Amino acid sequence: MTMFSIINFSLIFILIVISVFFILTTFYLAYKQNQLRLKLNKVLEDRAKVIEEADHYAALAKNPLGPLFSQNSEPLILSFDTKGKIIDVNHHLLKKFGYTKQQLIGKNVIGTILQKPNKETDSMIYRLFKSPTLFIDAETPAQTKSGQILWVSWTNKVVYNTKGKAVSADAVGFDVTKRKNMEAELQYLSSIDPQTGVMNRHALLETGATELKRAKRYKRALSVVVFKLISEEESLSDSQLKAATQLARQVARSVDYLGRIGDIEFAFVLPETDLENVPFLMQRLKQHFDVYNDKTKEKISLTYAAATFKKQTDTIDGLLSQAWRKVESKK
């Protein structure tokens, strides 16, 4: 091969390499450009979400209770003297409570807007002027002219004369009945066993602890009973559990507490009850079970054990555990 041919071949090879390099570079740059475009789109999407969330939380900050105040967000303005005599009210309060201005001015807040307490020292008006700093904010039940009970969240400001003596108070309130009802419903749901409708374990322990404190303070009797349901079937159905707890409620007094503490284990907390009186209660429950079994052709029974408060160091957990161990030992 001549020198000229070698030079030509080398030039062609170099041109091919350069062409391939440029082609590869073009593809690589196109790929990187596409990747950058995807990242940019992702950033823009994320930014849009951030802006949307920021707008949401900004709106929430302006109205943190959201729909809980949507029931009635108009301020209820009320002015009264140290005796509770109404000096002035605004239109929204009149509309909410169903009064005319003539019907309220000069009347006492207690008995019109606020319910009458058992004694004067329990009155919100008395407590406000006695301890103004403690009752700057207060939530109280209120009553309309028709007798409907509402809950109102008040912000109170005591007005003083030049000598520093309290002469009146201005209160701005909001209707929070919807929130209070929701709180009450949540509290109820958090304390109830959804399958049977009786107290759950946590609620029974709390209530039992309160009753045990009272028994210790006043040196009263208190007993607990743990009973376990027994069926010839492998397990009890929901309807059987509900029926069993309904029967247990029927034999209990109004002051007794019934709760579910296990899968098929239930317990009574019995204030003012000695250990000697427990068998009478449980015998009545067994009789109710017999009647139920005859009617339904089912065979549900129970076994039980009891424990009673004896020492100041006793706890409701300890009494229930003591009774539960006795039940389990009867297997």
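The values are calculated or read from the model by the stated rules, or taken from the named source; none is laboratory data. Here the structure is a predicted model, which means the values were calculated and not measured. Neighbour counts are summed over all protein chains in view; Cβ atoms, including those assigned to glycine, are modelled from backbone coordinates with ideal geometry.
Report yes if Asp317 is touching a Leu at 6+ places or on another chain (Cβ under 9 Å), closer than 20 Å to Arg201 by Cβ and surrounded by fewer than 16 Cβ atoms within 10 Å (Cβ to Cβ), otherwise no. Yes. Residues that are in contact (Cβ under 8 Å) with a residue 12 or more places away in the chain and under 18 Å from Ser254 (Cα atoms) within the stretch 273-287 comprise Thr273, Asp274, Asn277, Val278, Leu281, Met282, Arg284, Leu285, listed in sequence order. Those residues that are under 18 Å from Asn161 (Cα atoms) and among the charged types (D, E, K, R), I need them from the stretch 120-134; list them, please. If the condition is that a residue be under 18 Å from Asn161 (Cα atoms) and among the charged types (D, E, K, R), then Lys130 is the only one that fits.
Can you go through Val176, Val198 and tell me which one is within 30 Å of Phe309 (Cα to Cα), hydrophobic (A, V, I, L, M, F, W, C) and buried (at least 17 other Cβ atoms within 10 Å of the Cβ)?
Testing whether each residue is within 30 Å of Phe309 (Cα to Cα), hydrophobic (A, V, I, L, M, F, W, C) and buried (at least 17 other Cβ atoms within 10 Å of the Cβ) leaves just Val198.
Restricting Thr140, Thr155, Thr133 to those that are exposed (fewer than 12 other Cβ atoms within 10 Å of the Cβ) and not in a loop (DSSP other than H, G, I, E, B) reduces the list to Thr133.
Does the stretch 278-290 contain any residue that is polar (S, T, N, Q), under 25 Å from Thr315 (Cα atoms) and either part of a helix (DSSP H, G or I) or not assigned by TED's automatic domain parsing to the domain that holds Thr140 (or both)? No: zero hits. Pairs linking a residue in the stretch 126-154 that is under 15 Å from Ile77 (Cα atoms) and at pLDDT below 90 to a residue that is assigned to a strand (DSSP E or B) and among the charged types (D, E, K, R), with Cβ atoms under 9 Å and 6 or more positions apart or on different chains, are Ile136/Lys157. Taken as a whole, the condition of being over 28 Å from Leu247 (Cα atoms) and in contact with a Leu (Cβ under 7 Å, 6 or more places away or on another chain) does not apply to Thr155.
Selection of the stretch 97-125 for residues being closer than 17 Å to Glu74 by Cα and either buried (at least 20 other Cβ atoms within 10 Å of the Cβ) or of a type in the set (Gly, Ala, Ser) (or both) yields Phe97, Gly98, Ile113. Give me the residue from the stretch 296-331 that is of a type in the set (A, V, I, L, M) and part of a helix (DSSP H, G or I) and, out of that set, nearest to Leu241 (Cα to Cα). Once the filter is applied, the top-ranked residue is Val327.
Reported count of residues in the stretch 104-116, each being out of contact with any helix residue (DSSP H, G or I) (no Cβ under 8 Å at 6 or more places or on another chain) and either without any contact (Cβ under 8 Å) to a residue 12 or more places away in the chain or more than 12 Å from Lys83 (Cβ to Cβ) (or both), is 4. Filtering the stretch 174-216 to residues that are assigned to a loop (DSSP other than H, G, I, E, B) and more than 19 Å from Ala323 (Cα to Cα) leaves Val176, Asp193, Pro194, Gln195, Thr196, Gly197, Val198.
For the stretch 275-310, a residue qualifies if it is surrounded by 12 or more Cβ atoms within 10 Å (Cβ to Cβ), farther than 15 Å from Val225 by Cβ and among the aliphatic types (A, V, I, L, M), and exactly one does: Ile300.
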